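The values are calculated or read from the model by the stated rules, or taken from the named source; none is laboratory data. Only a predicted model underlies this, so the values are computations on that prediction, with no experimental measurement involved. When we count neighbours, we look across all protein chains shown, and the Cβ atoms used for this are built from the backbone with ideal geometry, even at glycine.
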Amino acid sequence: MNAADSNSSRPPADLAGLDLVSHSSLHTERLGERLATHAEAGDVIALWGELGTGKTVLARGVAIGLGIDEDAVTSPTFIILREHFGGRLPFYHLDLYRLEQSQLGSTGWEEALDSGGLTVIEWPDRAGDLLPADRVDVRLEHVAETKRRVTVEPTGPRSRRLVEALRADAFGERQ
Ligand SMILES: Nc1ncnc2c1ncn2[C@@H]1O[C@H](COP(=O)(O)OP(=O)(O)OP(=O)(O)O)[C@@H](O)[C@H]1O
Ligand SMILES: [Mg+2]
């Protein structure tokens with residue numbers, strides 16, 4: 001199978017989004033930081049990727065970018081929604097790993113989405129149809145111990161604005 005075949009299940013990220021390689025957790029954190037810098041109230045970022053690919057690292061970068069203490073951002077074990085205030089925007093960090101879709105209503109999920117903050121969702125597949133239609137999809141793939149492929153794609157006009165702002169940023173430029 002060649003590279004084109006292996007990617008045929010989804011459109012090439014560079015049509016609308018970014019296709020990046022992160023060489024360290026700091027690199028991934030910086031991407032989160034830049035997303036946060038350009039985010040507007042109500043934006044949603046979904047972080048797709050297997051265990052240990054760097055979703056929480058990226059979420060920590062988002063906190064830094066909003067001016068929130070990054071030490072507060074951890075991989076929640078039983079806490080599904082963490083709210084962080086005191087930054088440029090309220091930051092809602094959801095980790096749906098342990099969630100059944102039927103439980104979503106009791107997590108504060110809808111309030112978070114409606115409250116005009118920036119929402120970052122780990123394990124967004126757990127939300128099924130409830131996932132907001134217009135969101136930035138960030139996909140993290142393990143390539144090597146400290147190397148991740150990271151694609152960033154918008155799914156609607158709101159998220160397109162954020163991805164375009166990111167693209168205009170130095171990190172987002174394709175080398
Ligand atoms: N380029 C990289 N980007 C992000 N993390 C990296 C990178 N290289 C190594 N790492 C390491 O990979 C780990 C990623 O852990 P993290 O908790 O962010 O994963 P996760 O995707 O949130 O996992 P989980 O699904 O369990 O929540 C960290 O230990 C981090 O230091
Ligand atoms: Mg995590």
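Points worth noting:
- Members of region 54-70 found to be of a type outside the set (Val, Ile, Thr), within 14 Å of ligand 1 (Cβ to nearest atom) and out of contact with any strand residue (DSSP E or B) (no Cβ under 8 Å at 6 or more places or on another chain), listed by number: Arg60, Gly61, Glu70
- Tabulated pairs, region 52-72, first over 14 Å from Arg30 (Cα atoms), second charged (D, E, K, R), C-beta under 7 angstrom, 6+ apart or interchain: Thr53/Glu141; Thr53/Arg148
- Matching option when the condition is more than 13 Å from ligand 1 (Cβ to nearest atom), in contact (Cβ under 8 Å) with a residue 24 or more places away in the chain, over 23 Å from Leu35 (Cα atoms) and not in a strand (DSSP E or B), among Leu89, Leu104, Leu113: Leu104
- Condition met for Thr53 (under 22 Å from Gly17 (Cβ atoms), within 16 Å of ligand 2 (Cβ to nearest atom), in a loop (DSSP other than H, G, I, E, B) and at pLDDT 90 or above): yes
- Within the option set Leu58, Leu94, Leu81, being touching a Leu at 6+ places or on another chain (Cβ under 7 Å), at pLDDT below 90 and within 16 Å of ligand 2 (Cβ to nearest atom) holds for one residue only, Leu81.
- Residue among Thr119, Thr107 that is crowded, with 18+ Cβ neighbours inside 10 Å and among the hydroxyl-bearing types (Ser, Thr, Tyr): Thr119
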